[in-house]
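Asker: There's a structure below that I have some questions on.
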Amino acid sequence: MKEKMRKGFLILSWAMYDLANQFFALNVVSLYFVCWLTLEKQKPEIFYSISFNISTFFVAISGIILGAISDITARRRPFLVILTLISIIFTMLLGIDNVFLGLLFFAIANFGCQTAIVFYNAMMVNIAPPNKIGLISGIGKMFGYSGAVLALYIFKPIVLKSGYRAIFLPTGLCFLIFSLPCMFFIKDKSSQAKIDLLYYLKKDKIKEIFRALKETAFGAQSFPGLLDFLKASLFGLSAVNAVVLFMSVYAARAFGLNKAQIIDLIMFSTFFALAGSLFSGFISDYLGYKRCLSGVFILWMICFFAGTFVRSAYLYWLIGAIAGIALGSTWVVGRALVVKLVPRERIGEVFGLYNLVGYISAMVGAFFWGLILLPLAPLGEWGYRTALLSLILFMVIGLIFLSRLPSKKKE
């Protein structure tokens, strides 16, 4: 009984980090910072795309190197703590009125948060039974979207009363408070006292790390299906990240929603993301991760098509529900599939690669969205609708690569 309670407490502590980083992911990345920049400061979307892409580039480079080092040292917790604190500090500084400094602080905060996720994901193997990977991943995401609902509920009156800038300091504080259980209670199994980063940043050690990464990425004999999964994720997540980054702007431009209506729609969608994350984690353990992820990609295609042509003041709620279910399921099933494709001793390295693909897709999605809207801007509302429709192509290509994964039980 005590052992079950201990395991339950560790799962809860781990999952709380998913809740914590949603304060940053929603309030900063997806909603209020981009609205402050584009709607309040009247800057074009491409400014946000550039800042996000610069940040993501550094995340991609550091994530794979630090992920490999964490495998060698069997230490993930120090990286998680340091990077999380970097993100929290610069999130609190986002309230500055200067656009250039705001973009710079956003890039640093995003770097800290997104790189920390590499180690948070890798720490799942310390608490999840092998036959419950999907369920534990789903529980984490359920807590994550609970955090998103909580963030929307807490900060909506602040935004409506004081504007976008007023929420960045309390967002950082909430990120800190809810991330503490994971940072304190989820321990590394290694007894190594400390990590000497300078030792691993020597030329010969970096070469060794990249040789291992190359072997992992292209070793189809050792990890069947990994390369095709990464390709599918690259295209699928490019579309998903474009939606996540610009959904609030799309709701304003295409649906004509005001500030309060946008928050209500995202809150409504987040409830379905919460349900989708838990259900997809449970069902994927039984139906198979490949099959479930293919279904999620198809659901996104339905969402993009409906979101393009729906003009009813009520049907956009249905689109929000579909998008929420698809969003919650995407990360849950993808994360579980990574764990099933590779051995545990390579998990940090492979999550570094998976996150690298996610970051590249985020750059592609952000740049594609900003670029395609430049010539379509004169079309107004239909420029945004056309941009959304074009994202279907990414999902089609992703499905092609997913179909090439080996069809094994529970994969």
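The values are calculated or read from the model by the stated rules, or taken from the named source; none is laboratory data. Since we're looking at a predicted model, the values are computed, not measured. All Cβ positions, glycine included, derive from the backbone under ideal geometry; neighbour counts span all protein chains shown.
Asker: For the stretch 13-32, state whether one or more residues are modelled with pLDDT of 80 or more, assigned to a helix (DSSP H, G or I), of a type in the set (Phe, Trp, Tyr) and closer than 26 Å to Phe368 by Cβ.
Answerer: Step one: filter the stretch 13-32 for residues modelled with pLDDT of 80 or more, giving 13-29, 32.
Then keep just the ones that are assigned to a helix (DSSP H, G or I); that gives 13-29, 32.
If we keep only those that are of a type in the set (Phe, Trp, Tyr) as well, we get 14, 17, 23-24, 32.
Narrowing further to those that are closer than 26 Å to Phe368 by Cβ: 24, 32.
The answer is yes; a qualifying residue exists.
Asker: If I ask for residues that are out of contact with any helix residue (DSSP H, G or I) (no Cβ under 7 Å at 6 or more places or on another chain) and modelled with pLDDT of 75 or more, which ones from the stretch 334-371 would you list?
Answerer: Listed by number, the list holds a single entry, Leu371.
Asker: Scan (1) at pLDDT below 80; (2) more than 23 Å from Arg335 (Cβ to Cβ); (3) buried (at least 16 other Cβ atoms within 10 Å of the Cβ) for the single condition Gly281 breaks and write down its number.
Answerer: Failed condition: (2).
Asker: Assess whether Asn126 counts as being over 19 Å from Val28 (Cβ atoms) and buried (at least 23 other Cβ atoms within 10 Å of the Cβ).
Answerer: Details: over 19 Å from Val28 (Cβ atoms): yes; buried (at least 23 other Cβ atoms within 10 Å of the Cβ): no.
Judged against the criteria, Asn126 is not a match.
Asker: Just name the residue that is nearest to the chain's Cα centre (by Cα) out of those in the stretch 36-48 that are within 18 Å of Leu101 (Cβ to Cβ) and of a type outside the set (Lys, Arg).
Answerer: At the first step, the residues of the stretch 36-48 found to be within 18 Å of Leu101 (Cβ to Cβ) are 36-38, 40-43, 47-48.
With the extra rule that they be of a type outside the set (Lys, Arg), the set shrinks to 36-38, 40, 42, 47-48.
Values: Trp36: 21, Leu37: 21, Thr38: 22, Glu40: 26, Gln42: 26, Phe47: 21, Tyr48: 17 Å.
Among residues in the stretch 36-48 that are within 18 Å of Leu101 (Cβ to Cβ) and of a type outside the set (Lys, Arg), the one nearest to the chain's Cα centre (by Cα) is Tyr48.
Asker: Could you say which residue among Ala107, Ala166, Ala148 is within 27 Å of Ser269 (Cα to Cα), at pLDDT 85 or above and within 20 Å of the chain's Cα centre (by Cα)? Outline the logic, then answer.
Answerer: Numbers: Ala166 fails: within 20 Å of the chain's Cα centre (by Cα); Ala148 fails: at pLDDT 85 or above.
Only one candidate qualifies: Ala107.
Asker: Looking at Leu318, Leu374, which is the one that is surrounded by fewer than 18 Cβ atoms within 10 Å (Cβ to Cβ), at pLDDT below 85 and over 20 Å from Phe235 (Cα atoms)?
Answerer: Leu374
Asker: Report yes if Ile61 is under 18 Å from the mean Cα position of the chain (by Cα), surrounded by fewer than 18 Cβ atoms within 10 Å (Cβ to Cβ), in a helix (DSSP H, G or I) and free of Cβ contacts under 8 Å to residues at least 12 places away in the same chain, otherwise no. It would help to see each step written out before you state the result.
Answerer: Details: under 18 Å from the mean Cα position of the chain (by Cα): yes; surrounded by fewer than 18 Cβ atoms within 10 Å (Cβ to Cβ): yes; in a helix (DSSP H, G or I): yes; free of Cβ contacts under 8 Å to residues at least 12 places away in the same chain: yes.
Considered against the rule, which asks whether it is under 18 Å from the mean Cα position of the chain (by Cα), surrounded by fewer than 18 Cβ atoms within 10 Å (Cβ to Cβ), in a helix (DSSP H, G or I) and free of Cβ contacts under 8 Å to residues at least 12 places away in the same chain, Ile61 comes out as yes.
Asker: Only one of these is under 23 Å from Ser162 (Cβ atoms), over 20 Å from the mean Cα position of the chain (by Cα) and crowded, with 20+ Cβ neighbours inside 10 Å: Gly102, Gly95. Name it.
Answerer: Working: Gly95 fails: crowded, with 20+ Cβ neighbours inside 10 Å.
The match here is Gly102.
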